[in-house]
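Peer 1: Please read through the structure below; I'll follow up with questions.
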């Protein structure tokens, strides 16, 4: 265990995994922020909590808002891409890659996710967001290739 | 490996991770249960399987239901919060924290997710569900803080 | 670490985890493919990039399409089931199961996910997709049972 945690490659994995997960953990409160400021809730009990005694507002606040949906799609894209990165990344670390190659993969992935989030939320004109996503996707694929190349047991 | 699995902190992580994942795995069948009892399906082939030869019901059953959507939102919130817990939790275990501190984090997180699910499905008036979510979110953040404090390689 | 990566059970876990994650990673581009060919986008900037200067098309392309939604539901089901498999699977490997039993679990799970995807996208009449999902769900539950049976620290 101490050998694992003392490896520089694992430490780099641990750092970047924590960073992208923390970024993802901010998307929940960001959705909440837009729901509260835009008055656009998904649950009647949430609409009630923000409309006080006004019966009409309770119904009006139960709606979708395009800004809220944008943040939610960004959050979903995080889930879809960060989950494979964490799983494949851990297996990649255990193939004992060179530190500089590993760092390159982790930095590219984390940078791509941060850029993707900014491009989604600003939003930037396409294909900025698409390319941002593609770069991180490619980094994960590259790590998966090494994992399967090093050894497989089907 | 045997050292890893024999560590009490890892055993606690393993136990609570399995518990929250099992809880999450129940959300799928629960969605299915509401879809079948409420006759609210997302796919034409599902509506067909539950409407028999009645052509009109096939179309009527292809609809959204607010109870089904509630379970789905609860499931989604699980995904958004349990994924970071598993990833950051594993890295946290590898920082060799004290057993009682680690147990405190795991118990608070698991308790918060179980409370969140009940508060979402009953539902409880807000801010019960929001606070339930916040407590688990904070426990994950606290583990992430230790992971990054112990060592970083950017 | 070298002991961990040299274990045949871990190698099998690594192989099947990478395979199911690669399968999941294909769902994003597949969604994109259907969005582009069906002209059904969720973001105004995406609709703009594919409608050129035609102002009317920009609005028309901002819509949901039932094929796109089908791929997205399949992707979501992957997330909901592959995340527990990866987490519980890793813990299962650390309980030192027999190689043939472990391979049986991993093969059944991966096969179930590939079948589920095909059954969802073709689509096959129900209950084909439901049974495909159930088999993988059961394999994950079976691994969780062993993890908790071997040892718990609550």
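The values are calculated or read from the model by the stated rules, or taken from the named source; none is laboratory data. The shown structure was predicted, so the numbers you read here are calculated from the model rather than taken from an experiment. Glycine gets a Cβ as well: all are built from the backbone with ideal geometry, and neighbour counts include every protein chain shown.
Peer 1: So, residue B:30, is that one closer than 30 Å to residue A:29 by Cα and more than 10 Å from every other protein chain (Cβ to nearest Cβ) or not?
Peer 2: Answer is yes for this residue.
Peer 1: Taking the condition modelled with pLDDT under 95 and more than 7 Å from every other protein chain (Cβ to nearest Cβ), does residue A:23 pass?
Peer 2: Against the criterion (modelled with pLDDT under 95 and more than 7 Å from every other protein chain (Cβ to nearest Cβ)), residue A:23 does not qualify.
Peer 1: Find all pairs meeting these conditions: Cβ atoms under 6 angstrom apart; at least six residues apart or on different chains; first residue within region C:41-52 and at the interface with chain A (Cβ under 9 Å from one of its Cβ atoms); second residue in a helix (DSSP H, G or I) and surrounded by 17 or more Cβ atoms within 10 Å (Cβ to Cβ).
Peer 2: C:48/C:58
Peer 1: Now a separate question. Can you pull out every residue in region A:140-150 that is over 19 Å from residue C:28 (Cβ atoms), touching a residue at least 40 places away in the same chain (Cβ under 8 Å) and facing chain C (nearest Cβ under 7 Å)?
Peer 2: A:147
Peer 1: What single numbered condition from (1) more than 7 Å from chain B (Cβ to nearest Cβ); (2) modelled with pLDDT of 95 or more; (3) within 23 Å of residue B:68 (Cβ to Cβ) fails to hold for residue A:58?
Peer 2: Looking at each condition in turn, residue A:58 falls short on (2).
Peer 1: May I pose another question? Can you tell me which of (1) touching a residue at least 12 places away in the same chain (Cβ under 8 Å); (2) surrounded by fewer than 22 Cβ atoms within 10 Å (Cβ to Cβ); (3) closer than 30 Å to residue A:8 by Cα is the one residue B:92 doesn't meet?
Peer 2: Only one criterion is unmet by residue B:92, namely (2).
Peer 1: Here's a check for you: in region B:121-133, which residue that is in a helix (DSSP H, G or I) and within 9 Å of chain A (Cβ to nearest Cβ) is surrounded by the most Cβ atoms within 10 Å (Cβ to Cβ)?
Peer 2: B:129
Peer 1: So, of the residues in region B:97-120 that are over 14 Å from the mean Cα position of the chain (by Cα) and buried (at least 22 other Cβ atoms within 10 Å of the Cβ), which turns out to be nearest to the other protein chains (Cβ to nearest Cβ)?
Peer 2: The extreme case among them is B:102.
Peer 1: With respect to residue B:53, determine if the residue is in contact with a helix residue (DSSP H, G or I) (Cβ under 9 Å, 6 or more places away or on another chain), surrounded by fewer than 15 Cβ atoms within 10 Å (Cβ to Cβ) and over 24 Å from residue B:121 (Cβ atoms).
Peer 2: Spelling it out, it is not the case that residue B:53 is in contact with a helix residue (DSSP H, G or I) (Cβ under 9 Å, 6 or more places away or on another chain), surrounded by fewer than 15 Cβ atoms within 10 Å (Cβ to Cβ) and over 24 Å from residue B:121 (Cβ atoms).
For every residue, the table says whether it meets (1) part of a loop (DSSP other than H, G, I, E, B); (2) within 28 Å of residue A:86 (Cβ to Cβ).
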position	(1), (2)
B:50	no, no
B:70	no, no
B:79	no, yes
B:83	no, yes
B:115	no, yes
B:145	no, yes
B:152	yes, yes
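Peer 1: Also: With the checklist (1) facing another protein chain (nearest Cβ under 10 Å); (2) more than 22 Å from residue A:119 (Cβ to Cβ); (3) under 25 Å from the mean Cα position of the chain (by Cα) in hand, flag the one item residue A:36 doesn't pass.
Peer 2: The one condition residue A:36 does not meet is (1).
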